[in-house]
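Here's the structure, in structure tokens; my notes come after.
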Amino acid sequence: MKPTVAPFPAARLRRTRSSAPLRALVQEHALSVNDLIWPVFVRDGENVVEPVASMPGVNRLSVDQVVKAAQEARDLGIPVICLFPYTDPALKTEDCAEAWNPDNLSNRATRAIKAEVPGIAVMTDVALDPYNSNGHDGFVEDGEIVNDRTVEALVKQALSQAAAGADIIGPSDMMDNRIAAIRSALEDGGYHNVTIMSYAAKYASAFYGPFRDAVGASGALKGDKTTYQMTPANSNEALRLVQRDLSEGADMVMVKPGMPYLDICRRVKDSFGVPTFAYQVSGEYAMIQAAAQNGWIDGDAAMMESLLAFKRAGCDGILTYFAPAVARKLRGLEPAEG
Ligand code: PBG
């Protein structure tokens, strides 16, 4: 379809921009609280709210505080909370056994939320990096991040998360064949309704820096993740990965990071028409917050504009650390304290 534009002055494209009601009438895209997934960091202890220095406004929360956060999110209408554990370095090993411990932090937090906060879905992260003494998402053998043995561990991890009550399993590891292996294990285990949101097109990105601080993986990581995460130079490869993950049983797919990869979101949505999500990652959040704190940009306006961009690019939803702030704003509430 070619847009038709009459010659001036029959067409004055400013007419539909000339007043707020007209602008509202012709608005093409909108952000809603239904679009938000809130990633939170879980740590050990009781009544702990520990700020993450590189992510102003984001805290590591003990399980009791995560339950409160989930209540707050549910009350704001946020449909999903996503858990990332900050694991005690003493529990990080080369065999990553803590990853499938039924009583690890992530599973304890999931169980507590499911018991105390009906009405919000819990998403969990499948990857070995929070539990790995060398910070990688897979097992390392002679310097290589090995695929097939890692997938066996990811299956155990995913099953422990499903047993704890996770509604959405989020494999973020980028190993080959993990979606097929996890899907078949979930079916065999009777977890027919547990959904998989595959981190299908996950790039080896510099924008994950603050997250690795938040989960305590920065110090641990040896080398980089370029043998399993995608190169930022590729776009067709993202479509192959999405297609592959869908064919293996992913219910939803994700592009990550977000704002530098909006072209990928659009291609994925146009090519497959499946539930498509983007992760506005820690570095994107940190950039907006840092500039706002310096008075260089209007933080609130930049937050809303950055998230609307995902809707325009075809995303059904966004994982964002701004989720509660956005939800409050969309509901016309005052910003939270602190
Ligand atoms: C690792 C994982 C990462 C993020 C989510 N899961 C970082 C990485 O791949 O090193 C990044 C999220 C963010 O930056 O906000 N499995």
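For the reader, a short list of remarks on this structure follows.
- Relative contact order of the range 30-330, defined on C-alpha pairs under 8 angstrom at six or more residues apart (%): 19 percent
- Among HIS29, HIS192, HIS136, the sequence by solvent-accessible area, most first, with a 1.4 Å probe is HIS192, HIS29, HIS136.
- Euclidean distance between Cα centres, the range 122-173 to the range 199-234, Å: 15 Å
- Per-residue ellipticity at 222 nm from helix content only, as computed over the chain with -39500 (n - 2.57) for each DSSP H run of at least four residues, stands at -11000 deg cm²/dmol.
- Helix axis angle, 236-247 relative to the chain longest principal axis, alpha carbon, degrees: 60 degrees
- Additional length obtainable on full extension of the chain from ALA290 to ALA97, 0.36 nm per residue less Cα span: 65.8 nm
- Solvent-accessible surface of the chain, averaged per residue with a 1.4 angstrom probe and all protein chains in place: 45 square angstrom.
- On the chain, 52 percent of the accessible area sits on carbon and sulfur atoms, based on a 1.4 Å probe.
- Placing dummy labels 7 Å off each Cα toward the beta-carbon, the span from ARG312 to ASP75 is 3.4 nm.
- GLU116-ASN234 pseudo-label distance in nm [points 7 Å out on the Cα-to-Cβ vector]: 4.3 nm
- Taking 19 Å as the cut-off, the amide N atoms of the range 29-50 that come nearer than this to a point 7 Å along the Cα-to-beta-carbon line of ASP298 belong to 30-31.
- Put a plus charge on the Cβ of each Lys and Arg, a minus charge on the Cβ of each Asp and Glu, and nothing anywhere else: the dipole of the chain about its Cα centre is then about 1840 debye.
- Cα gyration tensor shape for the range 44-193, rounded if a/c is under 1.5, else prolate or oblate: oblate
- Calculated FRET efficiency, LEU13 to ALA53, Cβ-Cβ distance, R0 = 35 Å: about 0.15 to the nearest 0.05.
- Global geometry of the range 30-330, whether rounded, prolate or oblate, following the gyration tensor of its Cα atoms and the 1.5 cut on a/c: rounded
- Counting charges near ARG328 (Lys, Arg +1; Asp, Glu -1) among other residues having Cβ under 12 Å from its Cβ returns a value of -3.
- Note on GLN27 and ALA206: with the Förster distance fixed at 25 Å, the Cβ-Cβ geometry gives a FRET efficiency of about 0.15.
- Cα gyration tensor shape of the range 225-278, rounded if a/c is under 1.5, else prolate or oblate by comparing a/b with b/c: oblate
- Principal-axis tilt of helix 63-76 within the chain, Cα atoms, nearest 10 degrees: 20 degrees
- Distance between the modelled labels on ASP176 and VAL5, one decimal in nanometres: 4.8 nm (7 Å Cα→Cβ projection).
- Cα-Cα over 28 Å, subset of LYS114/LYS269; LYS92/LYS256; LYS156/LYS329; LYS92/LYS311; LYS92/LYS269; LYS156/LYS225: LYS114/LYS269; LYS156/LYS329; LYS92/LYS311; LYS92/LYS269
The values are calculated or read from the model by the stated rules, or taken from the named source; none is laboratory data. Keep in mind that this is a model prediction, so the values were computed, not measured. As a convention, Cβ positions derive from the backbone with ideal geometry for all residues, glycine included, and neighbour counts pool all protein chains shown. The protein model used for the area step is the full one, side chains on, heavy atoms only, and it has no ligands, DNA or RNA in it. Shrake-Rupley method; radii C 1.70, N 1.55, O 1.52, S 1.80 Å.
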